[in-house]
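Quick notes on the structure that follows.
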Amino acid sequence: MLNTLKEWVIISPSDDFWLWSTGLVVAAITGFFFAFHVTHKKRIIEDTPTSKIRSAAQGYIELVGHGYLMDGQPIASPLTGKSCTWYEYRVEERRQSGKRTEWKTIRKGISDELFLIKDETGECVIDPEGANVTVSDSRVWYGHSSSPSANPGSVKASAMGRFTRSLIGSVNKYRYTEKLLHSGESLYAIGFYKTVGGSGAKLDVNEDVRELIREWKTDTEKLMKQFDTDKDGELDLQEWQKVREAAYKKVMEKHDEQKLLPPVHLMGKTNDRRRPYILSALAQDDLTKKLHIYSLLSIGVFLIAGSLVTWMISIRLAS
């Protein structure tokens with residue numbers, strides 16, 4: 001096989017050779033950066049201590065508990081109608097172009113509804129927007145309609161499962177994919193944690209004053225009517241000082257009201273690419289093992305693709 005490949009490298013047309021070489025270079029680079037990304041995520045998970053909801057510090061933290069629905073409208077998957085705390089789904093259509101078959105996504109969606117994580121000390125509201133979610137319930141099935149009425153069963157991601165999916169998919173026009181987080185199941189979460197309300201809430205007076213003044217500036221007519229005391233059509237330094245004093249008074253009144261409210265704990269995305277927002281139905285140890293496997297596979301792709309393209313180019317140039 002190696003001799004056959006070597007012969008192809010020497011005699012293949014230039015366009016074909018460099019097309020395959022470029023593909024291998026891209027694969028090597030992708031494998032390297034994906035390995036770095038996954039390893040960085042794994043280290044953050046391992047290095048961040050688990051906090052309790054009641055005593056958690058404000059900022060980037062890790063929580064371990066169970067996921068639950070909030071009071072009010074339940075969350076249900078659009079495909080199967082199953083109750084859940086989070087879902088992601090995709091509907092694909094099989095399309096034939098000559099001898100080529102491909103699956104084209106015609107509809108997809110992802111849940112952004114709030115839900116809860118609870119531990120023995122309290123509860124925290126989870127905003128899943130922007131989260132990297134790992135589920136324990138992921139299924140794929142096939143049918144003849146773009147809107148399945150029920151889930152007839154799923155196929156496991158084994159070698160036999162892949163063969164079965166391929167066989168079933170060859171006689172059905174539509175493929176459905178659904179991922180769910182269920183109410184009551186274990187949940188690992190790492191993200192930005194903050195507390196709103198309550199006597200212990202940290203409130204930024206200066207930032208809130210600036211934000212309120214920016215809001216007032218959007219209604220210039222009302223601002224001038226209230227603070228342009230000399231009616232000259234503009235605000236001088238003394239009048240701007242009155243604007244700041246009024247905004248400060250308004251903010252302090254709002255903060256006093258917030259401190260009387262029961263505290264609400266929230267977790268969401270971090271807006272920092274170095275600190276991933278992760279929700280996982282897998283336990284922390286299982287999640288890090290999975291990331292470790294991904295890292296090893298990515299390093300393998302980098303080494304194999306990089307070595308192969310280096311060997312191919314050296315043979316080509318020497319011939």
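The values are calculated or read from the model by the stated rules, or taken from the named source; none is laboratory data. This structure is a prediction, so every number in the text was calculated from the model and none was measured. Note that each Cβ is placed from the backbone with ideal geometry, even for glycine, and that neighbours are counted across all protein chains shown.
For region 74-132, which residues satisfy the criterion of being of a type in the set (Val, Ile, Thr) and either buried (at least 18 other Cβ atoms within 10 Å of the Cβ) or at positive phi (or both)? Residues satisfying the conditions are ILE75, THR80, THR85, VAL91, ILE117, ILE126.
The residues listed here are LEU223, LEU297, LEU317; of these, the one that is at pLDDT 95 or above and part of a helix (DSSP H, G or I) is LEU297.
Report, by residue number, each residue of region 300-315 that is out of contact with any Leu (no Cβ under 7 Å at 6 or more places or on another chain) and either crowded, with 16+ Cβ neighbours inside 10 Å or of a type in the set (A, V, I, L, M, F, W, C) (or both). Selection gives VAL301, PHE302, LEU303, ILE304, GLY306, TRP311, MET312, ILE313, ILE315. So is PHE32 at negative phi and in contact with a helix residue (DSSP H, G or I) (Cβ under 7 Å, 6 or more places away or on another chain) or not? In short, yes. Every residue in region 40-66 that is charged (D, E, K, R) and farther than 30 Å from SER298 by Cβ, please. Across region 40-66, the qualifying residues are LYS52, ARG54. I'd like the full set of residues that are polar (S, T, N, Q) and more than 19 Å from PHE115 (Cβ to Cβ), limited to region 271-292. Answer for region 271-292, where residues must be polar (S, T, N, Q) and more than 19 Å from PHE115 (Cβ to Cβ): ASN271, GLN284, THR288. Can you find even one residue in region 252-267 that is modelled with pLDDT under 95, part of a loop (DSSP other than H, G, I, E, B) and surrounded by 14 or more Cβ atoms within 10 Å (Cβ to Cβ)? Checked against the condition, which is being modelled with pLDDT under 95, part of a loop (DSSP other than H, G, I, E, B) and surrounded by 14 or more Cβ atoms within 10 Å (Cβ to Cβ), region 252-267 yields at least one hit. Evaluating GLY184 against the criteria (1) under 30 Å from SER77 (Cβ atoms); (2) surrounded by 15 or more Cβ atoms within 10 Å (Cβ to Cβ) leaves one unmet condition, (2). Out of everything in region 12-54 that is within 21 Å of the chain's Cα centre (by Cα), touching a residue at least 60 places away in the same chain (Cβ under 8 Å) and closer than 30 Å to LEU317 by Cβ, what residue ends up being surrounded by the fewest Cβ atoms within 10 Å (Cβ to Cβ)? In this case the residue turns out to be THR30.
The residues of region 268-282 that are loosely packed, with under 14 Cβ neighbours inside 10 Å and not basic (Lys, Arg), listed by number, are ASN271, ASP272. Beta carbons closer than 7 Å, at least 6 apart along the sequence or on distinct chains, pair a first residue in region 225-245 that is within 20 Å of ASP208 (Cα to Cα) with a second that is loosely packed, with under 12 Cβ neighbours inside 10 Å for GLU239/THR229. Please find, within region 173-205, the residue that is farthest from ASP127 (Cα to Cα) out of those that are among the polar types (S, T, N, Q) and at pLDDT 90 or above. It comes out as THR177.
Counted as qualifying within region 5-114 are no strands (runs of 3 or more DSSP E), as none has 3 or more residues that are at pLDDT 95 or above, over 24 Å from ARG273 (Cα atoms) and of a type in the set (S, T, N, Q). Exactly one residue out of LYS289, LYS249, LYS269 is of a type in the set (D, E, K, R), touching a strand residue (DSSP E or B) at 6+ places or on another chain (Cβ under 7 Å) and under 30 Å from GLY59 (Cα atoms): that is LYS269.
When region 283-295 is limited to residues that are touching a residue at least 24 places away in the same chain (Cβ under 8 Å) and out of contact with any Ser or Thr (no Cβ under 6 Å at 6 or more places or on another chain), the one that is surrounded by the most Cβ atoms within 10 Å (Cβ to Cβ) turns out to be LEU291.
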